[in-house]
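Below you'll find the structure, written out as structure tokens, and then a few comments.
The values are calculated or read from the model by the stated rules, or taken from the named source; none is laboratory data. All of these numbers come straight from a predicted model, not from anything done at the bench. Note: ideal-geometry Cβ built from the backbone for every residue, glycine included; neighbour counts use all protein chains shown. These accessible areas exclude ligands, DNA and RNA; they are computed on the full protein's heavy atoms, side chains included. Shrake-Rupley method; radii C 1.70, N 1.55, O 1.52, S 1.80 Å.
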Amino acid sequence: MHSLHWTSRMISRALRSSFSTLLESATGAGAASKVGEGALKSASPRPHFVSVVCGFAKDNLRHKYKPGKYGEDSWFKASTEQADVMGVADGVGGWRSYGIDPGEFSSFLMRTCERLVQCSHFNPQRPVNLLAYSYCELMEQKKPILGSSTACVLILNRETKTVHTANIGDSGFMVVRQGEVVHKSEEQQHYFNTPFQLSLPPPGHGPNVLSDSPESADTMSFPVEDGDVILIATDGVFDNVPEALLLDVLRDVEGERDSVKLQMTANTLALMARTLSLNSEFLSPFALSARRNNIQARGGKPDDITVVLATVAM
């Protein structure tokens, strides 16, 4: 265990050094642009998220409700004067057979991201930095937090009216505008049902465990408009609900600023995913993906489900 702790600290220090360079260069560029644009931006309406959360644990008997968690899924929301930030993470359930709680890894990532948003070095243009520094802190813990997790973090930079995303694995997001999907993440898979993931394996398991760097995250940046609907969710949603059904529901809340109505929609999406995941006859997105990989499958995929739903208000 001492060897594991020493190795993980060395790796995390290397990652910190790498991402510190990225942070400094991005921050410097942002500071330079603010000088000439400050007066113009101050006169423009500053966007913000109206956001809600809903979800289900796969096994409600095993997992009692805890804030920020649905089973082995975790989530966070945070706000500063500069930005609104949302994220989800999905602990890899296979670790339970080794006596490891998969939810601890994902929960630590999201709690740390939430805290780092409030730090002075937070950069509203680089969600990948949140993942990188959270992962570094996880590897530096005296008591190792073992396991793996996918993650997706999304930042709304209020000054530039731009959303920046970082996604690693098969959690993800989609943005709906005027009844159409205008932006969405693409899942990252090594092979079928094996997503990219941040990992810290137990001693002796390193060579046999997939472990991706935060730098492997797929990143995107795009402008947002008043009324845009943004869904960020774990694969318990995307594996069970076809995009067409998601779109039908999300169209109805474009421009919605009433958090109660938005909450009802999030509840609908989460319950839809839960119901379809338990339907053994439904040809789910997961089953269709399995068939494309020559695996005969039918029905939903029982899983933890997390829905973070937001609209952009200016």
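Reducing region 136-185 and region 192-206 to their Cα centroids gives an inter-centroid distance of 19 Å. So which of LYS58/LYS143; LYS66/LYS161; LYS77/LYS184; LYS69/LYS301; LYS77/LYS261 end up more than 22 Å apart by C-alpha? Result: LYS58/LYS143; LYS66/LYS161 exceed 22 Å. Please report the antiparallel percentage of the DSSP beta bridges confined to the chain, to the nearest 5. Rounded to the nearest five, the antiparallel share is 100 percent. For ARG291, the solvent-accessible surface with a 1.4 Å probe is about 80 Å², rounded to the nearest 10.
The share of accessible area on the chain that comes from carbon and sulfur is 53 percent, using a 1.4 angstrom probe. Only Cα pairs under 8 Å and 6+ residues apart enter the sum, and on that basis the relative contact order of the chain stands at 22 percent. Hey, quick one: spin label on ILE295, modelled 7 Å out along Cα-Cβ, who in region 203-230 has an amide N within reach, i.e. under 19 Å? Under 19 Å, as judged by backbone N against the label point of ILE295, lie 209-211 of region 203-230.
Computed over protein heavy atoms with a 1.4 Å probe, the accessible surface of the chain works out to 45 Å² per residue. Only helices enter the 222 nm calculation for the chain: every DSSP H run of n ≥ 4 contributes -39,500 (n - 2.57), and dividing by all residues gives -11500 deg cm²/dmol, rounded to 500. Taking the centroid of alpha carbons for each part, region 262-305 and region 115-129 are 34 Å apart. Measuring only protein heavy atoms, the 1.4 Å probe finds ASP226 accessible over about 80 Å². For the residues HIS48, HIS190, HIS164, a GNM of the chain with alpha-carbon springs under 10 Å puts the largest fluctuation on HIS190. Under Stokes-Einstein, with the Kirkwood radius over Cα pairs as Rh, the value for the chain at 10 °C and 1.306 mPa s is 79 µm²/s.
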